[in-house]
Amino acid sequence: MPAEREAIVIGASAGAVEALTSLLPALRPGFRLPIIVVVHLPADRRSAMAELFRAKCALEVREAEDKDPVAAGTIYFAPPDYHLLVEADRTFSLSCDAPVLFSRPSIDVLFESAADAYGPKLVGIVLTGANADGARGLRAIIGEGGAGIVQAPSSAFASAMPEAALQMSPTARPMTLQAIAAYLEEI
Amino acid sequence: MSTPTQLDKVEDIEIRLLLEALFLKYHYDFRHYAMASIKRRLRQARQQLGLATFSALQDRLLHDPDMLPRLLAYLTIQVSEMFRDPSYFKAIREQVVPHLRTYPSLKVWIAGCSEGEELYSLVILFREEGLEDRTIFYATDINHQALEAAEAGVYPLERVQLFTENHRKSGGKSSLSDYYQAAYGRARFDASLRRNVVFSDHSLVSDAVFGEMNLISCRNVMIYFDRSLQDRAIGLFEESLSRKGFLGIGSKETLRFSGHSAAFADFVREEKIYQRRSTDAG
């Protein structure tokens, strides 16, 4: 059943930088899927995650721009204070619509649009966080036949977000960061 | 490889038909809006209107004209901030205004003004810089309700705190509280700010040039368009600008994908402020 994967979406909130640091820099050059990441940042800390990770990663790291085509082997971060969406033609759209669950960018908004665009070819990963963003989005991904992975709550810096995702999607697979890193290597 | 896999989904078919119905019956054309965003907004509308399917929504839309403004509110109304991205307004103030000062009269177009936050930001900035009296501001939107809200200039007081902070960071030379009166949890912006403003229905999708502008500000409007529609809008801006006129867009928007990009030069690159090249007079 697992279709060939075409993209990976990741959502993370409190504890995001540490969690992503154990996943993204480990990816080797030649990794072929795009990885699209939403991280919640406090509004006063508009620092670019892209800059932070560009120095650490072998893959190309960028802040997603409006209408940019989603390129293989590239890590994209949602720009602060915009929602990031993926269109059916594999380009990005940004939106200034109201925050969802107090968040802009919202993990749900990215995940739901990517689920529409990629269907079963998508992998969704919900990492550490202290809210419930990502739960609906992951359910949408699994509903379209994509793969749902959740950082095991007991291993997460903040367990609320993974717990909410697992509650809404009992078939999502809880995994430690090490296991997720190994999974990405195999993909 | 990237053929859309989901085009045969019933929901997508319904959405396309709904947008077609909206166009054929009411001449509002959303067919070239960025689909992922419009789908999200339509889902919200369908849910809050208590309808099971987009086909049901289409049926209501075609037979009940009261449905139109309700749907348009979902599709077009945009809540923004005054002086959103203060550094943009600072760049207008410090780098664009000195050029504008050299003209005896000015025209400024706020395209897609929604409920007026960007408009009032610019009017206040122009007043602070002593340019308001020689300027006509054109504030346009396709949504009549949004234009009415813009014309009323009333905002929830709790948002004004953020507006005030933004205004200060933008290099504001006065206090924002000079421009509004607070009552009952709302801030009512002074009618004098509107004395040089023309509010008008205008669609970037279907309407044409209506004047020669010195500055066009259109921020975070085109992110809702697909590439072909963005291209049309940018072409319209090119035609509407005087030679050496300025165009400001949202900080994450780009002219890069437009066939008209060659007509513009970076003016303040990091703030996405462009200047129309003087060659190729149009």
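Every read-out reported here was derived from the displayed coordinates using simple, explicitly stated rules and does not represent laboratory data. Quantities reported herein were computed from a predicted structural model and do not represent experimental measurements. All Cβ positions, even for glycine, are placed from backbone atoms using ideal geometry, and neighbour counts span all protein chains on display.
Things to note:
- Across chain B, the relative contact order, built from alpha-carbon pairs under 8 Å that are at least six residues apart, equals 17 percent.
- Amide H contacts under 5 Å for A:Y76, placed H, 5+ residues apart: A:I35, A:I36, A:V37, A:R62
- With viscosity 1.002 mPa s and temperature 20 °C, the Kirkwood radius over alpha carbon pairs of chain A converts through Stokes-Einstein to a diffusion coefficient of 136 µm²/s.
- Coupling constants for segment B:205-211 follow from the phi torsions by the Karplus curve (6.51 cos²θ - 1.76 cosθ + 1.60, θ = phi - 60°), and in residue order they are 7, 10, 8, 10, 4, 10, x Hz; glycine and proline get x.
- In a DSSP loop and with at most 11 other Cβ atoms within 10 Å, the chymotrypsin sites (Phe, Trp or Tyr not before Pro) in segment B:150-188 are B:Y184.
- Distance between the 7 Å Cα→Cβ label points at B:D190 and A:T21: 5.1 nm.
- B:R159/A:K56 FRET efficiency (R0 41 Å; Cβ-Cβ; nearest 0.05): 0.60
- GluC sites (Glu not before Pro) within segment B:77-148, DSSP loop, no more than 10 other Cβ atoms inside 10 Å: none
- Principal axis extents of the C-alpha atoms in segment A:1-105 (largest first, rounded to whole Å): 35, 31, 26.
- Across the options B:H63, B:L75, B:L22, the greatest Cα extent toward the positive end of the charge dipole of segment B:10-76 (unit charges at beta carbon of Lys, Arg, Asp, Glu) belongs to B:L75.
- Global form of chain B, assessed from the alpha-carbon gyration tensor, a/c cut-off 1.5: oblate
- Separation in nanometres of the label points that stand 7 Å from Cα toward Cβ, at B:K9 and B:V79: 2.7
- With eigenvalues of the C-alpha gyration tensor scaled by 5 and rooted, the protein assembly as shown, Å: 39, 25, 22
- Label positions at A:A130 and B:T53, each projected 7 Å from the Cα along the C-beta direction, are separated by 4.5 nm.
- Each 10 Å bin, from zero up to the one with the longest distance, holds this percent of the alpha carbon pairs of segment B:222-265: 28, 62, 10.
- Within chain B: Cβ-based charge dipole about Cα centre, in debye rounded to nearest 20 (Lys, Arg +1; Asp, Glu -1): 500
- With the charge dipole of segment B:86-276 set up from +1 on Lys and Arg Cβ and -1 on Asp and Glu Cβ about the Cα centre, the Cα lying farthest toward the positive end among the listed residues B:P156, B:Y224, B:H167 is that of B:H167.
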